[in-house]
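The values are calculated or read from the model by the stated rules, or taken from the named source; none is laboratory data. Keep in mind that what you see is a predicted model, and the values were worked out from it rather than measured. Heads up, the Cβs are rebuilt from the backbone with ideal geometry, glycines too, and the neighbour counts pull from every protein chain shown.
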């Protein structure tokens, strides 16, 4: 006959219980010999498995193979896969059929009469997104200097998939990526480091909102541009020239991938 | 370097018949992840990648079975592969403690597939119940009971093995 608490003893051992639950189970073990034995068994088996089973690493041949395959993949389909799943067909079909039409009209009306207040809200979101990332040490959600890592991560976590590359040779090293909430969307943030400065590059689906090309607020420079249906903004406290160089690199990268995709 | 490649390879090694098959599966899985066919949702990147590895493995099993004239049952294939892995020579391991070290590996290989899988994910890859449930496509309650049964089974085989050895070597 097995003690009905045995699954909870196991869950406690596996770290699945909160502090209260864990204390509860520990008390139970004090007067249940069966569960004390079970706990001992769990620990013994765990130690033995960790000690005796092979803890293999991916062979370096495999690493090279995988990297080569990814580069191949890039060469074959260079156009950045816009996660244009971004409310594409289903969303628009849903809107234009029947009652949705009114909503489309409303959206259009909104985007036609862009108020300075709306622009301001976006600028504030970008600026506080940048400053908060520096303050709270929440600079990156995915840390990697490898665009093979950062790019697919965005595909799953944000509404857009921006071009990502490491420009370390040009002085802009890729640090990683993050999600930010901009303009009611999960925007992708690609984080670069340039000397002592951090540059956040935000990407979100453009809503046709009129945004300035450049803007300086609280000592931070913001540079805006659009490409296709995507809106970009680079934010940093670097000088204008440094910021502009990165923007140019990104625009060239984007143009290259478009050309290659069209051919 | 790509994160979680080691974990993906280890997991594939426990699933696949040979190291070569494991490498093929991992390469497939990383490409699928990269192409975004399987977008990362909610949970963390490691269990996401392992899920894709698992799917790639079952796809390649199906293909092998279609090609094979006389298909082998699932668990037989996996076990065969693992026994081969368990007995493959390993220069890093001193011959003296080889048998001892290999015991658990051999016993693991002889467990049913779902027991072995849940043990590897929990004990080796340190995944929590929720992620294991999502990865193996079963409710958390099933993960808990399966894990309990898998541990009990392994423990039983282990004790029996120790007993037999102590009888064999007086």
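Okay, here's what the table says:
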read-out: Residue within segment A:118-127 that is modelled with pLDDT under 75 and over 30 Å from residue B:157 (Cα atoms) present; value: yes
read-out: Lone unmet requirement of (1) assigned to a helix (DSSP H, G or I); (2) crowded, with 17+ Cβ neighbours inside 10 Å for residue B:162; value: (2)
read-out: Per-region count, segment A:213-225, residues in contact with a strand residue (DSSP E or B) (Cβ under 7 Å, 6 or more places away or on another chain) and part of a strand (DSSP E or B); value: 8
read-out: Residues that are touching a strand residue (DSSP E or B) at 6+ places or on another chain (Cβ under 9 Å) and more than 14 Å from chain B (Cβ to nearest Cβ), drawn from segment A:164-173; value: A:165, A:167, A:168, A:171, A:172, A:173
read-out: Residue A:25 being farther than 20 Å from residue B:119 by Cβ and surrounded by 15 or more Cβ atoms within 10 Å (Cβ to Cβ); value: yes
read-out: Qualifying helices (runs of 4 or more DSSP H) (wholly inside segment A:1-92; at least 2 residues being modelled with pLDDT of 85 or more and farther than 30 Å from residue B:25 by Cα); value: A:6-13, A:19-30, A:33-52
read-out: Criterion: farther than 30 Å from residue A:67 by Cα, more than 13 Å from every other protein chain (Cβ to nearest Cβ) and at pLDDT below 80 - qualifying residue of B:78, B:84, B:68; value: B:68
read-out: Number of the exception - residue B:126 against (1) under 23 Å from residue A:40 (Cα atoms); (2) assigned to a helix (DSSP H, G or I); value: (2)
read-out: Segment B:111-139 - residue that is within 11 Å of another protein chain (Cβ to nearest Cβ) and surrounded by fewer than 16 Cβ atoms within 10 Å (Cβ to Cβ) and, of those, farthest from the chain's Cα centre (by Cα); value: B:130
read-out: Members of segment B:9-45 found to be within 19 Å of residue A:53 (Cβ to Cβ), in a helix (DSSP H, G or I) and either at pLDDT below 85 or facing chain A (nearest Cβ under 7 Å) (or both), listed by number; value: B:9, B:10, B:13, B:26
read-out: Residue within segment B:46-56 that is surrounded by fewer than 17 Cβ atoms within 10 Å (Cβ to Cβ), within 11 Å of chain A (Cβ to nearest Cβ) and at pLDDT 55 or above present; value: no
read-out: The lone exception for residue A:249 - which of (1) at pLDDT 90 or above; (2) surrounded by 18 or more Cβ atoms within 10 Å (Cβ to Cβ) it fails; value: (2)
read-out: Any hit, segment A:48-58, residues being in contact (Cβ under 8 Å) with a residue 12 or more places away in the chain and under 29 Å from residue B:103 (Cβ atoms); value: no
read-out: Of residues in segment A:189-226 being at pLDDT below 85 and under 18 Å from residue A:159 (Cα atoms), the one nearest to the chain's Cα centre (by Cα); value: A:206
read-out: Checking residue B:108 against (1) away from chain A (no Cβ under 11 Å); (2) in a helix (DSSP H, G or I); (3) under 11 Å from the mean Cα position of the chain (by Cα), the condition it does not meet; value: (1)
read-out: Given (1) at pLDDT 70 or above; (2) more than 30 Å from residue A:256 (Cβ to Cβ), number of the condition residue A:103 does not satisfy; value: (1)
read-out: Residue that is surrounded by the fewest Cβ atoms within 10 Å (Cβ to Cβ), among those in segment A:227-245 that are over 20 Å from the mean Cα position of the chain (by Cα) and modelled with pLDDT of 90 or more; value: A:244
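To keep it simple, each residue is scored yes or no on (1) in contact (Cβ under 8 Å) with a residue 12 or more places away in the chain; (2) in a strand (DSSP E or B); (3) over 12 Å from residue A:230 (Cβ atoms); (4) away from chain B (no Cβ under 14 Å).
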| residue | (1), (2), (3), (4) |
| --- | --- |
| A:152 | no, no, yes, no |
| A:156 | no, no, yes, no |
| A:162 | yes, no, no, no |
| A:175 | yes, yes, yes, yes |
| A:180 | yes, yes, yes, yes |
| A:191 | yes, yes, yes, yes |
| A:200 | yes, yes, yes, yes |
| A:203 | yes, yes, no, yes |
| A:211 | yes, no, yes, yes |
